[in-house]
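Visitor: To start, I am sharing the structure in question, which I have written as structure tokens.
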Amino acid sequence: AALQPESGFLFYSEEMNQRAKEHLRIESELRHALANNELMLYYQPKVSLRSGRIVGAEALLRWKHPVRGLVSPGVFIPVAEETGLILELGNWVMEEACRQIRVWQDANLLMPPIAVNLSARQFDRGLPARMADVMARHGVQPEQLMLEITESLLVKGADKVIAIMNELVAMGLALALDDFGTGYSSLAYLKKFPISTLKIDRAFVIGLPYEENDCAIARAIVTMAQQLRQEIVAEGVETPEQMSFLRELGCDQLQGYLFSQPVPGADFERMLREGKRL
Ligand code: C2E
Ligand code: CA
Ligand code: CA
Ligand code: CA
């Protein structure tokens, strides 16, 4: 699948050959990783700009490769999406997130919702049933989870997608729109979808408060989200200046290195216990 020329004739270049080989290697190693417990979830806190408290977290996939060390999802998620392996990876992530939530719940930890990333390929008719099944098996309530989806999904085929989203929302699951501002969504378009949270992409946070364009975009997104009564999360917040600007705009939550990098579960648990604040 890595080599599918649109023109119908095969066009090999050395570079494409290398890329295909690299993909094949990652795919087979990823299968091995799934079977051999090389995958982990890290957790990155989301903090309230009003209270300074941890009000959520995002679960982010990590691959501890025996030879190559920690491999970034930026490298293997695109390959997994291309090969379809993302379905198995996605199931593993959901399973692991629910397992961990249950462990924390049994330890009487006050848990904010944990958000899990969903690839567009996971978003099919069977998704609500798969979600119900994994939550039931681990005894996890829908309020303890959140699903992050991307704009590419909204363009995929609106009616079918809206029906599945409505089913998930009816089950009690909240949906967040990830990487907002990088795709094609407009106000009119967005209000058709049952989305409770918008995440402003890091690309627009980087330039705050010095880049005029980024400030204008961030302001427009926050204003729009407020009109739609959606929570708004800024991702990739690294500096106190970015934080102040976002707070003045009326942004609800921030997520970024300023507060914490994504960390292993044990470290996130410690932050919760110690009541770490902004
Ligand atoms: P994303 O969903 O936009 O996740 C946020 C990314 O921004 C994470 O990268 C996080 O580590 C990074 N980040 C957070 N705060 C900061 C900051 O202040 N500065 C900078 N420079 N970066 C920050 P990560 O963990 O490498 O993940 C990359 C992407 O891989 C994610 O982007 C998401 O699209 C995908 N991904 C990760 N885990 C999963 C998963 O379980 N399933 C799916 N389908 N995709 C995943
Ligand atoms: Ca995300
Ligand atoms: Ca994001
Ligand atoms: Ca992003």
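Visitor: Assuming R0 = 35 Å, what is the FRET efficiency of Gln18 and Glu238, from their Cβ-Cβ distance, to the nearest 0.05?
Guide: 0.55
Visitor: How high is the relative contact order of the chain? Use alpha-carbon pairs under 8 Å, at least six apart in sequence, and give a whole percent.
Guide: 19 percent
Visitor: Let me ask something else. Between Arg62 and Asn37, what length comes free when the chain is fully extended (0.36 nm per residue of separation minus the Cα-Cα distance, one decimal in nm)?
Guide: Details: separation 25, 0.36 × 25 = 9.00 nm, distance 1.11 nm.
This chain segment gains 7.9 nm when fully extended.
Visitor: Among Leu118, Ala57, Thr83, whose Cα projects farthest towards the positive end of the dipole of the chain, with charges put on the beta-carbon of Lys, Arg (+1) and Asp, Glu (-1)?
Guide: Working it through, the farthest residue towards the positive pole turns out to be Ala57.
Visitor: Please compute P(r) over all alpha-carbon pairs of the chain, binned at 5 Å starting from zero, and give each bin as a whole-number percent.
Guide: Bin by bin from 0 Å, the calculated values are 1, 5, 12, 15, 16, 17, 15, 10, 6, 2, 1, 0, 0.
Visitor: In whole percent, what relative contact order does region 1-131 give with Cα contacts below 8 Å and a gap of six or more residues?
Guide: The normalised contact order for region 1-131 reaches 22 percent.
Visitor: Let me ask you something else. Of Gly236, Phe180, His138, which is farthest on the positive side of the dipole of region 110-241, counting Cα position, with +1 on Lys and Arg Cβ, -1 on Asp and Glu Cβ, and the Cα centre as origin?
Guide: It is His138.
Visitor: Report ³J(HN,Hα) in whole Hz for each residue of region 23-30, in order, from the Karplus equation J = 6.51 cos²θ - 1.76 cosθ + 1.60 where θ = phi - 60°; Gly and Pro get x.
Guide: With coefficients 6.51, -1.76 and 1.60, one gets 4, 4, 5, 4, 4, 5, 5, 5 Hz.
Visitor: Can you pull the three principal axis extents for the Cα set of region 98-152, in Å, largest first?
Guide: For region 98-152, the Cα spread along each principal axis is 37, 21, 14 Å.
Visitor: Another question, if that's okay. Can you list the residues of region 222-258 with backbone N under 17 Å from a point 7 Å past the Cα of Glu212, pointing along Cα to Cβ?
Guide: Answer for this model: none.
Visitor: Each residue of region 123-129 in turn: what ³J(HN,Hα) in whole Hz from Karplus with 6.51, -1.76, 1.60 and θ = phi - 60°, glycine and Pro shown as x?
Guide: With coefficients 6.51, -1.76 and 1.60, one gets 8, 10, 3, x, 4, x, 5 Hz.
Visitor: For Ser72, what accessible surface area do you get with a 1.4 Å probe? Give it in Å², rounded to 10.
Guide: Its accessible surface works out to 60 Å², give or take rounding.
Visitor: A further question on this structure: For region 171-183, what does the Karplus curve 6.51 cos²θ - 1.76 cosθ + 1.60, with θ = phi - 60°, yield as ³J(HN,Hα) per residue in whole Hz, taken in order and with x for Gly and Pro?
Guide: Coupling constants for region 171-183: 6, x, 8, 9, 10, 10, 9, 7, 6, 5, x, 8, x Hz.
Visitor: Within region 54-69, name every residue whose backbone N is under 18 Å away from a label modeled 7 Å from Cα of Gln261 along the Cβ vector.
Guide: Backbone N within reach: 58-65, 68-69.
Visitor: With labels modelled as points extended 7 Å from the Cα through the Cβ direction, what inter-label distance (nm, one decimal) is found for Glu88 paired with Glu248?
Guide: 5.1 nm
Visitor: Can you tally the lysine pairs in the chain where the Cα-Cα distance is under 19 Å and the two residues are eight or more apart, or on different chains?
Guide: 7
The values are calculated or read from the model by the stated rules, or taken from the named source; none is laboratory data. Worth saying up front: this structure is predicted, and the values here are computed from it rather than measured. Please note: Cβ atoms are built from the backbone with ideal geometry, for glycine as well, and neighbour counts cover all protein chains shown. Please note that ligands, DNA and RNA were not included when accessible areas were found on the heavy atoms of the full protein model with its side chains. Shrake-Rupley method; radii C 1.70, N 1.55, O 1.52, S 1.80 Å.
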